[in-house]
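Colleague: Once you've had a glance at the structure underneath, I'll fire off some questions.
The values are calculated or read from the model by the stated rules, or taken from the named source; none is laboratory data. Predicted, not measured: the structure shown is a model, and the values here were computed from it. Cβ coordinates were reconstructed from backbone atoms using ideal geometry, including for glycine residues, and neighbour counts include every protein chain displayed.
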């Protein structure tokens, strides 16, 4: 099979009637109407092709938000951890949400399992990791 490159950018519309493929072409300064003998399958194939090339391109996958885990703490409402990115997320009781970067998994496990989330945060996390506020709900 030999493939041929085609530029159909001047094709405005197509139809099929009485064994003819009817084409409306934009010639720049005028619109041209052509009829070409063709079976209905040619028309159906062009319509199918149009549907395929008109579909929006797939968007790159969006990052999933880190799943927040509610905690019993007077300081934080919820915490979360992304082990792949080594990112800790803390939603404070006042509604502010911060992410802390470069947090190793052991620190996360110790934080999550600590008797006092607030004390552990103040002693082991606050001021020790780069952070960014990402929300203020």
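Colleague: Just to be sure I understand the filter: pairs with C-beta atoms under 6 Å, separated by 6 or more residues or on different chains, first member in region 94-121 and under 17 Å from residue 74 (Cβ atoms), second member in a loop (DSSP other than H, G, I, E, B) and at pLDDT below 95. Which pairs pass?
Modeller: 95/137; 117/71; 117/73; 118/73; 118/75; 120/114
Colleague: Now, a different point. Let me confirm something: among 86, 99, which residue is surrounded by 12 or more Cβ atoms within 10 Å (Cβ to Cβ) and in contact with a helix residue (DSSP H, G or I) (Cβ under 8 Å, 6 or more places away or on another chain)?
Modeller: Values: 99 fails: in contact with a helix residue (DSSP H, G or I) (Cβ under 8 Å, 6 or more places away or on another chain).
It is 86.
Colleague: Residues that are over 30 Å from residue 123 (Cβ atoms) and not assigned by TED's automatic domain parsing to the domain that holds residue 129, at least 1 per element: which strands (runs of 3 or more DSSP E) completely within region 1-111 meet that?
Modeller: It comes to 11-17, 20-26, 31-37.
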